[in-house]
1. Rounded, prolate or oblate, given the Cα gyration tensor of the chain, with a/c below 1.5 counting as rounded?
2. Run the numbers for Val51 and Gln67: contour at 0.36 nm per residue of separation, minus the present Cα-Cα distance, in nm.
3. Output ³J(HN,Hα) for the stretch 231-238: one whole-Hz value per residue in order, computed from phi by the Karplus curve 6.51 cos²θ - 1.76 cosθ + 1.60 with θ = phi - 60°, and x for Gly and Pro.
4. What whole-number value in Å² describes the accessible area per residue of the chain for a 1.4 Å probe?
5. Measure nothing but the geometry: give the 0 to 90° angle between the long axis through the Cα atoms of 17-28 and the longest principal axis through the Cα atoms of the chain, rounded to 10°.
6. Using just the helices of the chain, give the 222 nm mean residue ellipticity in deg cm²/dmol: DSSP H runs with n ≥ 4 each add -39,500 (n - 2.57), and the total is spread over all residues, rounded to 500.
7. Mind ordering 143-155, 243-255 by average Cβ neighbours within 10 Å, highest first?
8. Take Val176 and Lys108, extend 7 Å from each Cα along the Cα→Cβ direction, and tell me the distance between the two endpoints in nm.
Amino acid sequence: MPSLQGRTALVTGGAGGIGSAICRRLSLDGALVVVADLDREQADRVARGLVSDGGRAIAVGLDITDQDQWRAVISQTMETAGGLNILVNNAGGARIKPLEALSVDDWKHDIDVNLNGAFFGVKEALEALRQTASRSPTVGAIINIASVSALKGSAGMPAYSAGKGGLRLFTKAIAVDFARRGYRIRVNSIYPGLIDTPLTKPLFESRLKSGSDESLESARAKILEQYPIGRIGRPDEIASVVSFLAGDDSSYMVGAELVVDGGLTAA
Ligand SMILES: NC(=O)c1ccc[n+]([C@@H]2O[C@H](COP(=O)([O-])OP(=O)(O)OC[C@H]3O[C@@H](n4cnc5c(N)ncnc54)[C@H](O)[C@@H]3O)[C@@H](O)[C@H]2O)c1
């Protein structure tokens, strides 16, 4: 039997590069997947793809920075799927600018999408996750997608680093709290290095703009030089770790930080 058969997973940013890979993997594992994204059309496309491959999926429009939208999406999930076992806070984004160029709005945007969105998600999904776990033999899981930018300073990304750094300790604080209170929900986080998705394009472009590189190819090569593994990561290499944290093979993991970065932070 697939490892997540009978469980429901909600994935934010489910239409994006890493998010759609997570949706695909959790669907292959047997979960009913709620593909949630600001980009409703693309979320629909991802959900339709999962269904045509034999999975069960629904698409919902969700701006993770809007608490009322979270409330509506959680009640729709409970009505449609009858429960919620897994929440993946994956949506995020970065304004790549040095501090002098970063406006207050840029700062608020990055804190909103990388930290506040996950806070709203956990706050609004907690009761549904607890209720579902209380009548299920398996415990619930919350998985927050942070970044290596939460572990080391990322030049040109002060607001993103602050948001992801905040997400890191938010994850640990609630992980400890929920475990101590016997909520039957495990909370863990993942720290991707450079993964091949649309999100990375502005990173390479910013090096061109600042004059550090002459072409996108050389910008990409310079960044990859820092990665001992010598290549960019694939979205499915994050999705497989989400699958592990969502399922029973990680049953003793609480507040853990899984770094998936080709050796960047080990070097
Ligand atoms: N790609 C990388 O190299 C990398 C590295 C480290 C961490 N991450 C993190 O992984 C996560 C996924 O990134 P990705 O590379 O797949 O990016 P992506 O740009 O391909 O996908 C991000 C998705 O999030 C959605 N989104 C953005 N703002 C939203 C909002 N307010 N509400 C709902 N959805 C919203 C977008 O519509 C998009 O579909 C992000 O949290 C990102 O910070 C990515």
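The values are calculated or read from the model by the stated rules, or taken from the named source; none is laboratory data. A quick note: this is a predicted structure, and the numbers were derived from the prediction, not measured. Please note: Cβ atoms are built from the backbone with ideal geometry, for glycine as well, and neighbour counts cover all protein chains shown. Keep in mind that these areas ignore ligands, DNA and RNA; they rest on the heavy atoms of the full protein, side chains included. Shrake-Rupley method; radii C 1.70, N 1.55, O 1.52, S 1.80 Å.
1. Here the chain falls in the prolate category.
2. My answer for the length gained is 2.9 nm.
3. Using θ = phi - 60°, the values come out as 8, 7, x, 9, x, 5, 6, 8 Hz.
4. 46
5. Approximately 30 degrees, to the nearest 10.
6. It comes out at -14500 deg cm²/dmol, rounded to the nearest 500.
7. 143-155, 243-255
8. 3.2
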